[in-house]
1. Go over the candidates VAL504, VAL529 one by one and state the one that is over 21 Å from ILE269 (Cβ atoms) and either β-branched (Val, Ile, Thr) or more than 23 Å from the chain's Cα centre (by Cα) (or both).
2. I'd like the full set of residues that are within 17 Å of SER442 (Cα to Cα) and surrounded by fewer than 21 Cβ atoms within 10 Å (Cβ to Cβ), limited to the stretch 595-636.
3. Among the residues of the stretch 259-300, write down those that are of a type in the set (S, T, N, Q) and either free of Cβ contacts under 8 Å to residues at least 60 places away in the same chain or surrounded by fewer than 24 Cβ atoms within 10 Å (Cβ to Cβ) (or both).
4. Find all pairs meeting these conditions: Cβ atoms under 7 angstrom apart; at least six residues apart or on different chains; first residue within the stretch 403-415 and modelled with pLDDT under 95; second residue in a loop (DSSP other than H, G, I, E, B) and among the hydroxyl-bearing types (Ser, Thr, Tyr).
5. Give just the number: which of (1) assigned to a helix (DSSP H, G or I); (2) surrounded by 22 or more Cβ atoms within 10 Å (Cβ to Cβ) does GLY314 not satisfy?
6. Looking only at strands (runs of 3 or more DSSP E) that lie completely in the stretch 179-254, which have at least 3 residues being crowded, with 18+ Cβ neighbours inside 10 Å and aliphatic (A, V, I, L, M)?
7. Within the stretch 128-171, how many residues are modelled with pLDDT of 95 or more and of a type in the set (D, E, K, R)?
8. Taking LEU156 as the residue in question, decide whether it is part of a loop (DSSP other than H, G, I, E, B) and either under 28 Å from the mean Cα position of the chain (by Cα) or outside the structural domain of LYS369 (by TED's automatic domain parsing) (or both).
Amino acid sequence: MQKSRDFKYIGKRPLRPDGVEKVTGKALYGADINLPGLLYGKILRSPYAHANILSIDTEAAKDVPGVYAVLTSEDLLKKHTEMFKDLEGTLTSLKYLSNNVLAEGKVLYAGHAVAAVAAISPHVALDALSLIKVEYDVLEPVVDVESSMGERAPILLKTPITSSPRSKKFDSTNIVGDCEFLRGDIDTGFDKADVVVETKYRTKTVHQGYIEPQSATALWSENDKQLKIWCSNQGHFSVRNEMSALLEIPVSSIKVIPMEIGGGFGGKITAHIEPVAAILSKKSGRPVKISLDRAEVLQCTGPTSGGIVKAKIGATKEGIFTAATCNVYLDAGAYPGSFIENACNTAYAPYNIPNLQLRGFDIVTNKPKTGAYRAPGTPNSALAVETAIDEISKKLKIDPVQLRLKNAADKGTRKADGTIYPEIGMIETANSVLQHQHYSESLPKSSSKSFKVGRGIAFGYSGNINGAATVIGNVVEDGTITLITGAVDIGGTRISIAQQFAEVLGIDPTLINPTVADTDSIGYTSASVGSSASHKNGWAAYQCALDVKDQLEERVSKIWNVPKNTVVFGNGYAKSKMDSELIMPLKELASLLDETGGPITGRGNVDARGCAGSFSANIVDLEIDIETGKVNILKYTAFQDAGKAIHPSYVEGQIQGGTVQGIGWALHEEYVFDDNGKMANPSLLDYRMPTSWDVPMIDTHIIEHYNPGHPYGARGVGESSIVPPLPAISNAISDAIGLRIPEIPMSPTNIYRFISNDGN
């Protein structure tokens, strides 16, 4: 592994190979697939949030001219109860995966799919859907964790299927899972504290907000017994595995072709429409495309969890944390599986606290099954923890960054789950905040007399995940390299992988043509999730480049008729250690492949480990109009430890993107439901994501604390950027008006209500 920071191409900013096609509209996304004989699929969705399905009559729909197939849950699969490892590595019930695709017996959220049609046009399909008669027995819905845990709440799943034994005390409740992390002696720890602070927050369900709605095309050919799927997903191998389990066919019979992906952020992990398109194709004998509209995306895919989070921290008068607790109640939506373990394990991850108790509760509600969203669960718990630390700072009159430094985790610190940190950059991140001009400069002036100004800071963490990856490199006769990867490019992955390959050979990354291959053309590669893509696929590219380098040296040694150990390839050419006159550029060698031994193909296969955690921090200046509650962000600086930034421009983009999403969650975004449990704001006109008018330029500060678990020292960077904005903005608002707003989003309505009621 290369510890030197004097790289030739790592840390540079070459143009991404897919950039021109994307900005000119030539790139192909899921909805761009058009095959001969294509049919259009449409899905009938429940108007009720909670209801038993008494009957489904599809006969009239089948008789519509131009309709080729009609589908209900009866066509999907046998009634599985076993567990299946999903794309995030979580064990999930196959029955629930199936039931979320098409409801069986009961609908659990407004928009839950109950039937589907494939027809010659979208309009014919919609006409046919209108003729499907579904008889419902409507039940009372619950759309938040408090209502769901109430004594009189309707029970959504009478016998939940979970990956671990369910505590009997939760029988006949909507708490379908729990976890606990315990270290030390909590009572003794709090007894040693001179100050104790408690916080409680309510957070709302929010969506990942990707630009491209889900789209999938399926062709099930009985002749070659193969199912082909074109889709925009974060992991096409994982889609293949999920489809194999759901449809009960071998993975070898499924070919998934990845298209360009217009954002995902964890929201395009689970298959929603691919199984429906596949079975419609099988029944009709023709290819079927299903493309969701924006309302379907918001109502029927996997938003992230809202819920309730409580934190309690004790500290000595010197500012040393003695004990801490955190209770997290997360909304799982219709089926079990919110990220309670991650929320708990990361709650106090930036700190070394001897006595910890963290508890998580997984609660089902009549909402879409929740999914991942950048560091899932962590923003919720960090909101309560980082605001509590801010209050301790005020009580003890200790600088908030210095307080965190006093308690900062470092190499050797044990996390809540018992694992020990390797080399990490929390201290370096905190020191970077302290030394930054933004932290020491005076607050900007408010824009009018009715505005109050405040500054807030907060820290965040994401553990990131590991995974398998495969990369193949082919030397082309003109001296370029075709680099084939199984990694879905969701944030500049292709250029990052190319840079890591190029560094080994010392060739310009523009000479490398990276391609994302289908599941038949490359070895298994795990999904682009959890800030893992550049780390694991870059490692595979590094190994592949070493393989190519070895073969190049072997080939040149035969051409020159010299021992291989006397030949070295670097900086784009081979040279002899024994004779300085012997030099052969890659382009010349590539032109001789046919006549000197044939093709040169390298391979890199890794099951990467060492994707070390990444720490982040925010400084935010804002103003609040006390007459309306409106918040204006004046200045924002985001810090993050990237290990070694492979492509700084895209690291900056990841930091800025996550920060803006966190701002949206903190100030604007929320799912709003009516009394019947139906989403009231399923459009981008009403679902309030931030625009360029809402945020200033996000200044980024990249910290490069070497990660020994990667050949070039890189860390995952896509996750932790979304964690600090929620508490940082909360701390800034508190600094401005002297009140805590215990609800997210801190919208003008909520802020004005609390200002008017003096915090009550």
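1. Numbers: VAL529 fails: over 21 Å from ILE269 (Cβ atoms).
Unique residue meeting the criteria: VAL504.
2. Scanning the stretch 595-636 gives ILE633, LEU634, LYS635.
3. If the condition is that a residue be of a type in the set (S, T, N, Q) and either free of Cβ contacts under 8 Å to residues at least 60 places away in the same chain or surrounded by fewer than 24 Cβ atoms within 10 Å (Cβ to Cβ) (or both), then SER284, SER291, GLN299 are the ones that fit.
4. So the pair list comes out as LYS415/TYR421.
5. Here GLY314 meets the rest and fails (1).
6. On the way: elements: 195-203, 215-221, 226-231.
In the stretch 179-254, 215-221 are the strands (runs of 3 or more DSSP E) which contain 3 or more residues that are crowded, with 18+ Cβ neighbours inside 10 Å and aliphatic (A, V, I, L, M).
7. Total satisfying the criteria: 6.
8. Values: part of a loop (DSSP other than H, G, I, E, B): yes; either under 28 Å from the mean Cα position of the chain (by Cα) or outside the structural domain of LYS369 (by TED's automatic domain parsing) (or both): yes.
Yes; evaluated as a whole, the condition is true for this residue.
The values are calculated or read from the model by the stated rules, or taken from the named source; none is laboratory data. This one's a predicted model, so the numbers in the text were calculated from it and none came from an experiment. Virtual Cβ from ideal backbone geometry, glycine too; neighbours counted across all protein chains shown.
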